[in-house]
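The values are calculated or read from the model by the stated rules, or taken from the named source; none is laboratory data. Since the model is a prediction, treat every value here as computed from it, not as a measurement. So basically every Cβ, Gly included, is an ideal-geometry build from the backbone, and we count neighbours across all protein chains shown.
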Amino acid sequence: MQKEQLSIFDIFKIGVGPSSSHTLGPWRAAERFLREVSDISRIEKIQVRLYGSLAKTGKGHGTDIAVMMGLSGADPVTFDTTLLTPTIDGIKESGKIKLQGKKEIPFDYNEDLLFLKRESLPFHPNALRLKATFTDGIEQEETYYSIGGGFVAKEGEEGSAKNYISVRYDVSDGDELLQNCMGAGLNISELVLENENAWRSSTETIAGIKKIWETMVDCIWRGCHASGILPGGLNVSRRAALMNKKLLKGHPYNNKEEWLKAIKTTADTFQDVLNWVSCFALAVNEENAAFGRVVTAPTNGAAGVVPSVLMYQQLFCKGTEQDVIRFIATASEIGALFKRGATISAAMGGCQAEIGVSSAMAAGALTECMGGDPSQALQAAEIAMEHHLGMTCDPIGGLVQIPCIERNTMGSIKAITAAQLALQSDPNVAKVSLDAVIKTMWETALDMNSKYKETADGGLSQTVPLSLPEC
């Protein structure tokens, strides 16, 4: 059987919050459906049905918004997010939607977009069906599954339906990755960059990585300068901007570059550094909760861990531009190991599949950038995940806010600690391998009660008494 090959840009995708599986995936599914319709000019009606986790937490995660934006032809990578609310309001108020920005048809939000909370489809909890009715009465219906991290699979397709290609170094698990690195005398990032040549030139890959990091930094910057209440009805106050102001101790700055220099100047203590890491993580996930532009890492709900740890490396560990490339490349490969061997979908595995995986990615990447060899990087990833095993996904109100935002700060600090432990350890005497912890994570996911898997049917979502309006 062929192995699923995953690129850096499969794991790291630019998109819109708040959820990769509930927002970005359905957005892409809607786009794909219209691409697969032979002639959109003949469509006179479209109906969307959401199942399972997409139905139960879809409104809090913006699934309805994502589907309408996808049908409208908006690109989540480039769409001006400030236009999101007026665009959706326009569709609801007019009762019309313009498919791919070209063909306008009637669209009744309450009748044509259905949340079937009591129904699930067998392949995956995140399922949606789109049906187009043509002018001659013929119908075309397709079923898609949002399988985590923005990946979409169409019913009947195997895996993520990604084309299989031949890469220089085949990697299916951590042991094979380590053997390839040792045999070729490469660190993890070097091996990844060699494999990326199967998709594009090295120049394009480096440019893409820099774009990913630029988007992450912009997200941190925006989040550290935005105050107010997050949308959705929980009345959660944004905290990153207040932390940013307090930590800077009145130090002046006029732009992003001066701000970054000010952070390095004012971080005098270990406590300051820890506070900044938490601030960065909060900033990203507050932006995510506010339908801002973020990077899946490997998901939106866990999008704050990798950028906060990389920002820590850049600002407080004398990081270089080359370190950014090494960090993103290494992190992507560790994320790919979890996707192949377990899951990066909270609807399948709980929050261990999101925050746990992101923490493992950041830990391994930081270890390499701090001089660790491949075995130490994999040990760091193992340590980080080992201490997230069993973490449930129980978003209050179905919103990616409580406990999701704070969990990114915890995942970030655990990643740094895991890297430090690995750098001071001998992987040859470690009792637990990364492959063992990935296998354990998947078995834990299979055993986990469904109410703890992004359904808002258990955990904090049920024990915290909150009265929310219908989103």
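Residues in segment 7-22 that are surrounded by 24 or more Cβ atoms within 10 Å (Cβ to Cβ) and within 15 Å of ALA153 (Cα to Cα): SER20, SER21, HIS22.
Go over the candidates ASP64, ASP80 one by one and state the one that is farther than 17 Å from PHE151 by Cβ, assigned by TED's automatic domain parsing to the domain that holds LYS117, acidic (Asp, Glu) and under 19 Å from the mean Cα position of the chain (by Cα).
Just one listed residue meets the conditions, ASP64.
Scoring GLY364 on the criteria (1) out of contact with any Gly (no Cβ under 7 Å at 6 or more places or on another chain); (2) surrounded by fewer than 24 Cβ atoms within 10 Å (Cβ to Cβ) leaves a single failure, condition (2). Remark: ILE97 falls outside the filter, which requires a residue to be buried (at least 17 other Cβ atoms within 10 Å of the Cβ), aliphatic (A, V, I, L, M) and either under 27 Å from PRO298 (Cβ atoms) or touching a strand residue (DSSP E or B) at 6+ places or on another chain (Cβ under 6 Å) (or both). Inside segment 282-300, residues that are of a type in the set (Gly, Ala, Ser) and under 19 Å from VAL77 (Cβ atoms) make up a count of 3.
Would you be able to say whether some residue in segment 453-461 is surrounded by 16 or more Cβ atoms within 10 Å (Cβ to Cβ), among the charged types (D, E, K, R) and at positive phi? So far as segment 453-461 goes, yes, one or more of its residues are surrounded by 16 or more Cβ atoms within 10 Å (Cβ to Cβ), among the charged types (D, E, K, R) and at positive phi. Scanning segment 423-439 for residues that are in a helix (DSSP H, G or I) and within 23 Å of ALA353 (Cα to Cα) yields LEU434, ASP435, ALA436, VAL437, ILE438, LYS439. Tell me, yes or no, whether segment 348-364 has at least one residue that is free of Cβ contacts under 8 Å to residues at least 40 places away in the same chain and either more than 28 Å from ASN449 (Cβ to Cβ) or not assigned by TED's automatic domain parsing to the domain that holds ALA297 (or both). No: segment 348-364 contains no residue that is free of Cβ contacts under 8 Å to residues at least 40 places away in the same chain and either more than 28 Å from ASN449 (Cβ to Cβ) or not assigned by TED's automatic domain parsing to the domain that holds ALA297 (or both). If the condition is being part of a loop (DSSP other than H, G, I, E, B) and under 18 Å from PHE79 (Cβ atoms), then segment 1-42 contributes LYS13, GLY17, PRO18, SER19.
Looking only at helices (runs of 4 or more DSSP H) that lie completely in segment 228-289, which have at least 2 residues being surrounded by 14 or more Cβ atoms within 10 Å (Cβ to Cβ) and under 23 Å from the mean Cα position of the chain (by Cα)?
Ranges flagged: 240-248, 270-289.
One line per residue, one yes/no per condition, for (1) assigned to a strand (DSSP E or B); (2) within 22 Å of GLY58 (Cα to Cα); (3) modelled with pLDDT under 95; (4) among the aromatic types (Phe, Trp, Tyr):
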site: MET69; (1), (2), (3), (4): no, yes, no, no
site: LEU83; (1), (2), (3), (4): no, yes, yes, no
site: GLY90; (1), (2), (3), (4): no, yes, no, no
site: GLU93; (1), (2), (3), (4): no, yes, no, no
site: ILE97; (1), (2), (3), (4): yes, yes, no, no
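Of the residues examined, THR343 is one that is part of a loop (DSSP other than H, G, I, E, B) and buried (at least 24 other Cβ atoms within 10 Å of the Cβ). From the residues in segment 313-338 that are crowded, with 24+ Cβ neighbours inside 10 Å and among the aromatic types (Phe, Trp, Tyr), which one is nearest to the chain's Cα centre (by Cα)? For segment 313-338, the residue satisfying everything is PHE338. Restricting to segment 428-450, and then to whatever is in contact (Cβ under 8 Å) with a residue 12 or more places away in the chain and over 21 Å from ARG340 (Cβ atoms), can you tell me which residue is farthest from the chain's Cα centre (by Cα)? Ranking the qualifying residues of segment 428-450, first place goes to ASN428.
The condition (being in contact with a helix residue (DSSP H, G or I) (Cβ under 8 Å, 6 or more places away or on another chain) and over 25 Å from ALA66 (Cα atoms)) is satisfied by just one residue among ALA365, ALA347: ALA365. Selection of segment 293-312 for residues being buried (at least 23 other Cβ atoms within 10 Å of the Cβ) and either not in a helix (DSSP H, G or I) or not assigned by TED's automatic domain parsing to the domain that holds SER412 (or both) yields VAL294, VAL295, THR296, ALA297, PRO298, THR299, ASN300, GLY301, ALA302, ALA303, GLY304.
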